[in-house]
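The structure under discussion appears below in the form of structure tokens.
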Amino acid sequence: MLSYTFSTMSGGKSTALLQQRFNLISIGKRVVVMTSALDNRYGLGKVTSRMGPQCDAELVNPETVFEMTEELRSADHLLIDEAQFLTKQQVKQIHQNLCAESGLRVSCFGLRTDFMGNPFEGSSALLALADSLQEISTLCRCGANATLNQRVDAHGSPVRSGDVVEIGGDGRYRPACPRCFY
């Protein structure tokens, strides 16, 4: 089974992954955690919640091939953070090779859209193929439901152009409702 939990920046996705990992380990399950090699905000190969908890993770990059390895054969669950950075082909490999053919449970966590409101490649594929979708609700500064990620400059003004991938945290991005986003 493939699940995708998505939210905006600061939505608690990594916290949800770490909670799921804790719950699985506490009942004796074997868990493998992976994250994108692009995200080094809290150290390379780490999944970290802004609240403090963290765990080590194997790195995923665009060249990673998802197939059953000895490590995954002995795992009960695979958790992948920053899943928006997966390629469409990687999501298909996870869905076919790991979930459908091998029966591994895989839970992915990530963003739905970039700072311009466009879907990430990995997110689009996960939204299409995941057996289960879960949105973590976040709020905009105005109090409305936030569904978009707004990149801001040093003065808090919206940034409307630039590289799609620019790793940053609370000082660089904020969750926004459509009205505040536009």
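The values are calculated or read from the model by the stated rules, or taken from the named source; none is laboratory data. All values derive from a computational prediction rather than experimental measurement. Note that each Cβ is placed from the backbone with ideal geometry, even for glycine, and that neighbours are counted across all protein chains shown.
Between CYS142, CYS55, CYS108, CYS99, the distinction of being among the hydrophobic types (A, V, I, L, M, F, W, C) and assigned to a helix (DSSP H, G or I) belongs to CYS99 only. Looking only at residues of region 20-50 that are among the hydroxyl-bearing types (Ser, Thr, Tyr) and surrounded by 12 or more Cβ atoms within 10 Å (Cβ to Cβ), we find that the one that is modelled with the lowest pLDDT is TYR42.
What tally of residues in region 113-139 results from selecting those that are aliphatic (A, V, I, L, M) and not in a helix (DSSP H, G or I)? Count: 5. Under the condition of being part of a loop (DSSP other than H, G, I, E, B), buried (at least 21 other Cβ atoms within 10 Å of the Cβ) and of a type in the set (Gly, Ala, Ser), the residues counted in region 4-19 number 1.
Checking VAL106 against (1) among the β-branched types (Val, Ile, Thr); (2) over 25 Å from ILE27 (Cβ atoms); (3) in contact with a helix residue (DSSP H, G or I) (Cβ under 6 Å, 6 or more places away or on another chain): exactly one of these is not met. Which one? Every condition holds for VAL106 apart from (2).
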